[in-house]
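Following: one structure in structure tokens, then a few remarks.
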Amino acid sequence: MPRMPRRHVVRKVRKAGNEVARFLRIETTGGVLLLIGAALALIIANSPLSELYEDVRHTYIGIPDVFTLNVQHWAADFLLAFFFLVVGLELKRELVVGELRDIKKAMLPVIAAAGGVLVPAFVAVAVAWGEPGAADVWPVPVATDIAFAVAVLALCARHLPSSLRIFLLTLAIADDIGAIAMIAVLYSEPAFIPLLIFAAVIGLWVFLQARRIKTLWIYIPLGLAAWVALYEANVHATIAGVALGLATRIKPDPGEHEAPALATEHALQPFSAGFCVPVFAFFSAGVALNGEALGEFATDRVALAVVAGLFLGKTVGVTLGAYVAHRFGWGRLAPDLKWPDIAGVAVLCGCGFTVSLLIAELAFADAAQRELVKTGVLAGSAVSALIGAAVLNARSRAVRRHHSPA
């Protein structure tokens, strides 16, 4: 049997690699992988392998006496920063050359995000009123998990306008920034010097972009420095990804094949969707759900307040915020969007997950209450994801039928 020439072998390997990358750039693929990671975590955390799972995610890795994190924090703080970098790059593109160039279109999701912070906090306090822990519960349901929400949207809204995804991304980033600001004010003391270093790194990044410097080995250390500085400043370090994405040049120069932002987004998307987000989901979603724990959860008003805040509060708050912004002319609904689309995304915003779990860890010192609240975060996120998916899927089918030839 004749041997295949080496050149053909290399071409086939490259072609296969390109096909894998293309497959991982499809948002539905990333969404499926994320949900598989979360489902596996729940299964393993409630199986005989639960002790091994806990041991692995609480194993510390890093440089001893310099910088170490456990596996769960590496996944949530470091790997997820790549996802936020891709989000920041996409948001920058929309702000500069896309739909969000119109300030009123950009303000609509921002004002909707404000409603999605205020109303869930009010609902949570109202449900838990009079219970121990009622004063601590209100920040837990204010955040939207971008990774989970975008994954569900990608799976269930394939025939809806792309502007709906931009609306969700902008809204989720805005209310996550609000939630992280709450963490900084309520539960930590931001360190001034690391924040100053972070600002200097972002400034240098912008300067290098303006000077058209493209050397990758300059930007990688700068990106790491920005992440470490923000982490040391006691600020959720994934925001470094958004900041770096927004600081990257989006418009190509004459004769330039593609601008740095587009090239970076294209290169990182498969890594983010195929590895970072599923690994994050796997190490974050593992919560023990036994019969006794579920019985306590069902009678605990503080935990149920989180469910109500995420599902009811987010649905009402986001929809009301968007409507008020549109009604009074502070924002403008994209022409291809309808209010049922916005309502579906509003329900989906109740996927609190990452930041909500983080706030629950910080807000409740009592371990038993903390576990119940974390179960509330998972339950509220699951209900919001399922009902939001059903609403968006129905809308997607209706749009497909409308545009299909008779």
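The values are calculated or read from the model by the stated rules, or taken from the named source; none is laboratory data. If you're wondering where the values come from, they're calculated on a predicted model, not measured in any experiment. Cβ atoms come from the backbone with ideal geometry, glycine included; neighbour counts cover every protein chain shown.
Couple of notes before you dig in:
- Selection count, the range 61-94, where residues are over 17 Å from Val277 (Cα atoms), in contact (Cβ under 8 Å) with a residue 40 or more places away in the chain and not in a strand (DSSP E or B): 4
- Of the criteria (1) assigned to a loop (DSSP other than H, G, I, E, B); (2) surrounded by 24 or more Cβ atoms within 10 Å (Cβ to Cβ), which one Ser384 fails: (1)
Each row is one residue, and each column tells you yes or no for (1) surrounded by 14 or more Cβ atoms within 10 Å (Cβ to Cβ); (2) among the small types (Gly, Ala, Ser).
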residue: Tyr187; (1), (2): yes, no
residue: Phe192; (1), (2): no, no
residue: Leu222; (1), (2): yes, no
residue: Asn234; (1), (2): yes, no
residue: Ile250; (1), (2): yes, no
residue: Thr264; (1), (2): yes, no
residue: Ala267; (1), (2): no, yes
residue: Ala273; (1), (2): yes, yes
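- Residues of the range 124-146 satisfying the condition of being over 20 Å from the mean Cα position of the chain (by Cα), among the acidic types (Asp, Glu) and not in a helix (DSSP H, G or I): Glu131
- Val302 in contact with an Asp or Glu (Cβ under 8 Å, 6 or more places away or on another chain) and β-branched (Val, Ile, Thr): yes
- Filtering the range 96-109 to residues that are surrounded by fewer than 22 Cβ atoms within 10 Å (Cβ to Cβ), in a helix (DSSP H, G or I) and either of a type in the set (Ser, Thr, Tyr) or touching a residue at least 60 places away in the same chain (Cβ under 8 Å) (or both) leaves Val96, Val97, Glu99, Lys104, Ala106, Met107.
- Unique match (being modelled with pLDDT of 80 or more, in contact with a Ser or Thr (Cβ under 7 Å, 6 or more places away or on another chain), closer than 26 Å to Phe353 by Cβ and surrounded by 11 or more Cβ atoms within 10 Å (Cβ to Cβ)) among Ile44, Ile36: Ile44
- Restricted to helices (runs of 4 or more DSSP H) entirely inside the range 163-246, those with at least 3 residues that are touching a Pro at 6+ places or on another chain (Cβ under 8 Å) and modelled with pLDDT of 90 or more are 216-232.
- Test: Leu312 is under 26 Å from Leu171 (Cα atoms), in contact with a helix residue (DSSP H, G or I) (Cβ under 8 Å, 6 or more places away or on another chain) and assigned to a loop (DSSP other than H, G, I, E, B): no
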